[in-house]
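Everything below concerns the one structure shown next.
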Amino acid sequence: MRLLVIEDEEETREFLKVALEEQSFAVDTACDGDKGAYLARLNDYDLIILDHILPLKDGFEVCNDIRSSGKHTPILMLSVKSEIDHKINLFEQGIDDYVTKPFSMSELLARVRAILRRPKILQEDEITIDDLVLNVQKQSVSRGDKKIYLTRKEFSLLEYLMRNAGTVVSRGMIMEHVWDSESDPFSNTIETHILNLRKKIELPKKRKIIHSVPGRGYKIDLL
Ligand code: CA
């Protein structure tokens, strides 16, 4: 899952990035409304965390920019309670939910997960393919009785592949959803991670799960 954090306060922005990355999210950041709106229209994020008061464009203007470009990316707004005019209906403005500052990371994470679980994007805490089970809440993976230990990046990659089981996922899609914008798209980092994932989840006498589709990408399937 790839998130965008649009927040002008450096401390909050960096805190969010680090804390969300610890939860295996890929995180891009923007420090003003202009850059945030630009990135949100350019990339296909799974969720945007948007501060209300921002330089250049405020949160509502950014949200309006995103919605008018035809993107339905869920938006979680951060706001100081007194800043929100209660006459404004946030949901009519295209905001999916909001959290008031100061917030605790556990509260924010609960909201993020709740939004990502909404049926329109079909998010489940636990995904199962054959006897491979990935649990997002517990950040755990197992195959049969065997616990599998993955790096954060391997976990995100496997989660993305499992959520798209049965369909071919291209390198571009993986780049877009699992890696952040600072990654080098020409490096062999995806191949390396796929190779490592296979070593960990493809076990002797078990059915093969990750398939390469020559020239197109990868597919998780039970063939
Ligand atoms: Ca602010």
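The values are calculated or read from the model by the stated rules, or taken from the named source; none is laboratory data. None of these values were measured; they are calculated from a predicted model. So basically every Cβ, Gly included, is an ideal-geometry build from the backbone, and we count neighbours across all protein chains shown.
Here Glu11 fits the description: within 16 Å of the ligand (Cβ to nearest atom), in the same structural domain as Ser106 (by TED's automatic domain parsing) and without any contact (Cβ under 8 Å) to a residue 24 or more places away in the chain. For region 204-223, residues that are closer than 11 Å to Ile194 by Cβ and assigned to a loop (DSSP other than H, G, I, E, B) total 0. In the set (1) over 19 Å from Leu47 (Cβ atoms); (2) among the hydroxyl-bearing types (Ser, Thr, Tyr); (3) not in a loop (DSSP other than H, G, I, E, B), the condition left unmet by Tyr160 is number (1). Of the residues making up region 58-84, just one is modelled with pLDDT under 80 and away from the ligand (no atom under 16 Å from the Cβ), namely Gly70.
Restricting to region 170-186, and then to whatever is in a loop (DSSP other than H, G, I, E, B) and not polar (S, T, N, Q), can you tell me which residue is modelled with the highest pLDDT? Give the derivation first.
From region 170-186, those in a loop (DSSP other than H, G, I, E, B) are 170, 179-186; that's our starting set.
In the following step, the residues that additionally are not polar (S, T, N, Q) were identified as 179-180, 182, 184-186.
On the way: Trp179: 82, Asp180: 78, Glu182: 72, Asp184: 68, Pro185: 61, Phe186: 64.
Among those residues, the one meeting the criterion is Trp179.
Scan region 128-135 and give yes if some residue there is at positive phi and out of contact with any Phe, Trp or Tyr (no Cβ under 9 Å at 6 or more places or on another chain), otherwise no. Yes. Across region 37-56, which residue is farthest from the ligand (Cβ to nearest atom) among those that are assigned to a loop (DSSP other than H, G, I, E, B) and farther than 15 Å from Asp180 by Cα? Checking each candidate, the answer is Leu56.
The number of residues in region 40-71 being surrounded by fewer than 19 Cβ atoms within 10 Å (Cβ to Cβ) and in contact (Cβ under 8 Å) with a residue 60 or more places away in the chain comes to 2. Of the residues Ala19, Ala30, Ala37, the single one that is small (Gly, Ala, Ser) and closer than 20 Å to Ser106 by Cβ is Ala19. A single entry from Thr151, Thr189 fulfils the requirement of being surrounded by fewer than 14 Cβ atoms within 10 Å (Cβ to Cβ) and either at pLDDT 85 or above or polar (S, T, N, Q) (or both): Thr151.
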